[in-house]
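Here is the structure we will look at, set down as structure tokens.
Just so it is clear, none of the values below were taken in a lab; they were calculated from the coordinates. Small disclaimer: the values here were computed from a predicted structure and weren't measured. A quick note on method: Cβ atoms are made from the backbone with ideal geometry, for glycine too, and the neighbour counts reach across all protein chains shown.
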């Protein structure tokens, strides 16, 4: 444990220094199109992930990259930590996240999000927020962007029962594009609600795309089953043993 504490502390120092470097440097992108800001975002993500792997010892493996379609697509990923918010940027050059509006208030970082044409959502006004989000998502698709969403809405603890929100199905029904589910084990190495990082494997798998045109209810069941079943498989491969495996049955939460 002392070594884990030391590695975690070193990573936090390196990570925030790296953030400062790239966030200040990205101010150069403000006069230019959003693609330039996305280049800075991917560079920040790539260097941050490199630092995490070499300092904490968390081995990373990406699988199924050949399954990622070109052009506009909906990406639905398991969400354990900040790690995947950076990692997914590497594979989607025109990534558009649906994120909490509060993030736009973070100095520099929030301003860069606006320039990068990300989609904020006010979770305090669900009906209006959903309609606005769908309109902005359609517009992003029209510009050839890829829409990235975490269907559970917030980070989850490894082993916690799934809590998928129906909003991902509404988006899928509105956008008319294929969806790539993503399973992963990032929560083993970068758990939520702790400053510690662990030298545990991060396995990420891009799963078989779900084609456009399904009924939203059928899609909702399929995307949750795909992500949960394959995440549980990857967790087992990484050595995680759950006291009781979380069910892959669809949540009844229709938020």
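Annotations
- Reported value for the range 60-113: 113 Å³ per residue, from the convex hull of its C-alpha atoms.
- Taking every DSSP beta bridge that has both ends in the chain, the antiparallel portion is near 20%.
- Taking only Cα atoms of the range 163-226, radius of gyration then Dmax in Å: 14.8, 43
- Only Cα sites of the chain enter the Debye sum here, all with the same form factor; the resulting log10 I(q)/I(0) across q = 0.09, 0.10, 0.16 1/Å is -0.39, -0.48, -1.30, listed in q order.
- Two-site FRET efficiency, residue 138 against residue 24, from Cβ-Cβ distance with R₀ of 30 Å, rounded to 0.05: 0.35
- Applying 1/(1 + (r/R0)^6) with r as the Cβ-Cβ distance of residue 32 and residue 236 and R0 = 35 angstrom yields a FRET efficiency of 0.15.
- Once both labels are positioned 7 Å from their Cα atoms along Cα-to-Cβ, the gap between residue 229 and residue 68 label points is 2.4 nm.
- For the range 78-157 and the range 182-213, distance of Cα centres in Å: 18
- Relative contact order, percent, the chain [alpha-carbon distance under 8 Å, six or more residues apart]: 24
- Between residue 109 and residue 215, the FRET efficiency from the beta-carbon distance, with R0 = 35 Å, is close to 0.35.
- A simple spin-label model places pseudo-atoms 7 Å from Cα toward Cβ; at residue 59 and residue 101 they are separated by 4.5 nm.
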